[in-house]
Amino acid sequence: MKHVPTVAWRELRSLFVSPVAYGVLSLFAVLAGLFFVLGVAAFNTYVMQLEQYQALDQLQKINLSDHLVGQFYDSMGVVLLFLVPGITMGLFAAEKTNGTQELLLTSPLTMWDVVLGKFAAGAGFIAILVAMVAAYPGLLFVYGDPEVGKTVSGLLGLLFLGWTYVAIGAFASSVTRSQVVSFLISFVLLLSLLLMPAFSELGVLGGASGIGGAFSWLSTGEHFQQLLKGLVDTRDLAYFAVVIGSFLLLTKASVESVRWR
Amino acid sequence: MIEATNLSKRYGDITAVDGVSFSVERGEVVGFLGPNGAGKTTTMRMLTGFLPPTDGSARICGHDIFTEPLEARRSIGYLPESPPLYPEMTVHSYVDYVARIKDVPRRERRAKVERALERCGLSDVSRRVIGTLSKGFRQRVGLAQAIVHEPPVLILDEPTIGLDPIQIGEIRSLIAGLAGGDGDARHTVILSTHILPEVEAICRRVVMINAGRKTVDAPLAELTSGGHRLEELFARVTALDAAETEGQP
């Protein structure tokens, strides 16, 4: 496992010479700014309306953490859904088209060096994105007093959500040579994971019975919401760890399968 | 240094390589010959551990490629048919990366990377991005990644394909130089090709395979003694085998 940083570092460097990384970063920055400004404006309007109607008890309940920061994080979670496949699509697919897969598999690297190295590169990129998001609630601390706990746990949620998406994207990239196909596969996987609760609510899967519950447990959104509420529960953290772990195992199996075809 | 025992590879009903055995001693340069599609690349991929054999085994420097993969792979420098390059990296950072993943100790890395670049005539282009290089230079970068960790065993799959005559000459003398060192510095080289003059120029021994089976394994001098030409032998062996397979329904 000693080569994980080597593989990760090369991957990150290659990501940053391609236009994809900069495209994703700028798009993410623009969208983050937009959602934040819109969020602040909406929050402002809401407060003014409440004041006009003298709805004092509601004014007491309203706060920056739930009505601004949480919603902002939520939107950024959706943005990640679209952008992460763009970052991960090349992780393994590009190795196949370059022919460098043959170099990796004949070097004294273990399969985990390769898989974890790639994942670490994607995870590092997500950390950059989350740091960009963090700047905005950071501003709020200058002008207001959002709750520190909720602000941080929400960021943590965003980080785990992004890492889960990276693990799924890495798997999608390992099953194909084409980056476009890889993008589509990961997008479909991520979307279905997000839409799990909708399936169960529609009753397609047997309504609120056991299966329905299982499907909503599988949904990334459910667990992300808990963190947005400021609930750092080991059950939710375990969920992210399990999904990341399973997809990395699948990725490893899929990369290795080249040898057994 | 290289020991292949009864190597076979089957894909469903198709047998790509059928029971190939040979061994190569330290400092030998062996030409691995055969027509296109004979199973040269498959055999080399099995030797490097990229593909597992359906049957048989391979040992590199005494390490079995599948039971002790890391030790065996550390001793191999491998240039696949198309050089495994990252087009967006510079020549230097690429060769340095390969040195890292091949377990070159940190202290020696800088010197070994410089040496590999120099030996392959890449010092002047070391800051260039690989994607902008000509085919000849890319092939040299591929060779540089194969030799950067100074492995005892070099496995080169058609190292001179697509190069112009001058570049071919350069690569050939480089390979000859690698095998000609002293003691431990001598590389054992196995190179596949279907260019016969190449074999005559650098190899001392020839292993010929056709339709997945080994047909010839002899020193070059023996094969060309009495004025025989390698072309004739090659043509005869291929034709013989073709006739044999045609005879079978």
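None of the figures in this text is laboratory data; all of them are computed from the coordinates on show. If you're wondering where the values come from, they're calculated on a predicted model, not measured in any experiment. In this analysis, Cβ positions are derived from the backbone assuming ideal geometry, glycine residues included, and neighbour counts consider all displayed protein chains.
Within region B:1-85, the proportion of C-alpha pairs whose separation exceeds 23 Å stands at 18%. Mind running the shape call on region B:109-157? Use the C-alpha gyration tensor, a ≥ b ≥ c as the square roots of the eigenvalues: rounded below 1.5 for a/c, prolate if a/b tops b/c, oblate otherwise. Verdict is oblate for region B:109-157. Among the residues of A:12-22, the average count of other protein chain beta-carbon atoms within 10 Å of the residue beta-carbon is 2. Among the chymotrypsin sites (Phe, Trp or Tyr not before Pro) in region A:14-71, those placed in a DSSP loop whose Cβ has at most 14 other Cβ atoms within 10 Å are A:Y53.
Estimated from helices alone, the mean residue ellipticity of the protein assembly as shown at 222 nm is -20000 deg cm²/dmol (sum of -39500 (n - 2.57) over DSSP H runs with n ≥ 4, per residue).
Report, for chain B, the % of DSSP beta bridges that are antiparallel, rounded to 5. Close to 55 percent. Other residues with beta-carbon under 9 Å from the beta-carbon of A:H223 carry, at +1 per Lys or Arg and -1 per Asp or Glu, a net charge of -2. Scanning residues 5 or more positions from B:V216 or on other chains, those with amide H under 5 Å from its amide H are B:M208, with H placed 1.01 Å from N in the peptide plane.
Each of A:P146, A:V24, A:V78 was placed along the dipole of chain A (beta-carbon charges, centred on the mean Cα), and the one lying farthest toward the positive end is A:V24. Phi-derived couplings, Karplus 6.51 cos²θ - 1.76 cosθ + 1.60 at θ = phi - 60°, listed residue by residue for region A:95-111: 4, 6, 6, 6, x, 6, 4, 5, 5, 4, 7, 10, 8, x, 10, 8, 4 Hz, with x used for Gly and Pro.
When the Cα convex hull of the protein assembly as shown is projected onto planes of every orientation, the mean area is 31.2 nm². Taking only Cα atoms, what is the 0 to 90° angle, nearest 10, from helix B:230-247's long axis to the longest principal axis of chain B? It works out to around 50 degrees. Report the far tail of the P(r) of region B:39-116, meaning the percent of Cα-Cα pairs longer than 20 Å. Value for region B:39-116 (Cα pairs over 20 Å): 43 percent.
3J(HN,Hα) along region A:175-187, derived from phi through the Karplus expression 6.51 cos²θ - 1.76 cosθ + 1.60 where θ = phi - 60°, amounts to 9, 9, 8, 9, 5, 5, 4, 4, 4, 5, 4, 5, 4 Hz, with x in place of Gly and Pro. Note on region B:77-174: the alpha carbon radius of gyration divided by the globular reference 2.2 N^0.38 Å gives 0.98.
Under the rule a/c < 1.5 gives rounded, and otherwise a/b versus b/c splits prolate from oblate, where does region A:1-92 land using the Cα gyration tensor?
Judged from the Cα gyration tensor, region A:1-92 comes out prolate (a/c at least 1.5, a/b above b/c).
DSSP finds beta bridges in the protein assembly as shown, and of those with both partners inside it, around 55 percent are antiparallel.
Within a Cβ distance under 13 Å of B:H228, other residues only, what is the Lys/Arg minus Asp/Glu net charge? Before the final figure, lay out the partial values.
Working: positive: B:R229, B:R236; negative: B:E200, B:E222, B:E231, B:E232.
Charge balance near B:H228 sits at -2.
Check each of the trypsin sites (Lys or Arg not before Pro) in region B:22-53 and keep only those in coil by DSSP with at most 16 other C-beta atoms within 10 angstrom; list them in order. Of the trypsin sites (Lys or Arg not before Pro), the ones in loops of region B:22-53 whose Cβ has at most 16 other Cβ atoms within 10 Å are B:R26.
Can you grab the distance from the C-alpha centre of region B:106-151 to the C-alpha centre of region A:87-145, Å, no decimals? The two parts, judged by their Cα centres, are 27 Å apart.
When Lys and Arg each count +1 and Asp and Glu each count -1, what net charge do the other residues less than 15 Å away from A:E147, Cβ to Cβ, add up to? That works out to +1.
State, to one decimal in nm, how far the label point of A:S178 lies from the label point of B:L70, with both points 7 Å from Cα in the Cβ direction. So the two model labels end up 3.8 nm from each other. In chain A, Rg over Rh equals 1.03, where Rg is the alpha-carbon radius of gyration and Rh the Kirkwood radius from pairwise Cα distances. Between helix A:148-174 and chain A there is an angle of about 30 degrees, using the helix long axis and the longest principal axis of the Cα atoms.
Could you please state, rounded to a whole Å, how far the C-alpha centre of region B:1-28 is from the C-alpha centre of region A:3-24? Using only Cα atoms, the two centres lie 38 Å from each other. Listed peptides A:86-92, A:7-13 appear in the order A:86-92, A:7-13 once ranked by packing, highest mean of other Cβ atoms within 10 Å at the front. What you get for region A:1-148, charging only the Cβ of Lys and Arg (+1) and of Asp and Glu (-1), is a dipole of about 580 debye around the Cα centre. Full extension of the segment from A:Q52 to A:A29, taken as 0.36 nm per residue of separation minus the current Cα-Cα distance, would add 4.8 nm.
How would you order B:159-169, A:67-77 from highest to lowest mean count of nearby Cβ atoms within 10 Å?
A:67-77, B:159-169
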